[in-house]
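Structure first, then comments.
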Amino acid sequence: QVQLVESGGGLVQPGGSLRLSCAASGSIRVSNAMGWYRQAPGKQRELVAGITRGGNTNYADSVKGRFTISRDNAKNTVYLQMNSLKPEDTAVYYCNALATAKWDWGQGTQVTVSS
């Protein structure tokens, strides 16, 4: 079964940190180009961080310097370390391929940044 399962979200105060995980199963291999996306209420889903097959990373300007994407190929898991969180980071976070062709989206993990 092809599946992406995100976890690690929660409620955190501004300035806090969270580490999200995305476990892939089935034929999905996180050694491919992968990305973390987020969708805030009333907004379109956006790409916030990506990691290429070669390990190069890129970030949306809004999270640059605060978020770090990484992966563990042996565990077939992608991570997103989020530091210095801001209220505007509140969203449901998903992982998926960077490619135009995406796998089915997982359920996502809710991140809420609030005092």
Checklist entry - Which number in (1) under 13 Å from GLY9 (Cβ atoms); (2) out of contact with any Phe, Trp or Tyr (no Cβ under 6 Å at 6 or more places or on another chain); (3) touching a residue at least 60 places away in the same chain (Cβ under 8 Å) marks the one condition that ARG38 misses? => result (2)
Item to check | Subset of the stretch 58-68 [under 11 Å from the mean Cα position of the chain (by Cα) and open to solvent by 60 Å² or more (accessible area, probe 1.4 Å)] | outcome: THR68
Checklist outcome for this item: Picked from the stretch 44-57 (must be open to solvent by 70 Å² or more (accessible area, probe 1.4 Å) and without any contact (Cβ under 8 Å) to a residue 40 or more places away in the chain), the residue nearest to the chain's Cα centre (by Cα) is GLU46
Checklist entry - Which of the residues belonging to the stretch 69-104 are open to solvent by 20 Å² or more (accessible area, probe 1.4 Å), under 22 Å from LYS43 (Cα atoms), free of Cβ contacts under 8 Å to residues at least 60 places away in the same chain and not β-branched (Val, Ile, Thr)? => result GLU88, ALA101, LYS102
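How about the chain: which strands (runs of 3 or more DSSP E) wholly inside it have at least 3 residues that are among the β-branched types (Val, Ile, Thr)?
109-113
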Checklist outcome for this item: Residues in the stretch 1-41 that are at pLDDT below 95 and out of contact with any Ser or Thr (no Cβ under 6 Å at 6 or more places or on another chain) total 10
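The values are calculated or read from the model by the stated rules, or taken from the named source; none is laboratory data. Since the model is a prediction, treat every value here as computed from it, not as a measurement. Methodologically, a virtual Cβ is constructed for each residue, glycine included, from the backbone with ideal geometry; neighbour enumeration extends over all protein chains shown. All accessible areas refer to the heavy atoms of the entire protein, side chains included, with ligands and DNA or RNA removed. Shrake-Rupley method; radii C 1.70, N 1.55, O 1.52, S 1.80 Å.
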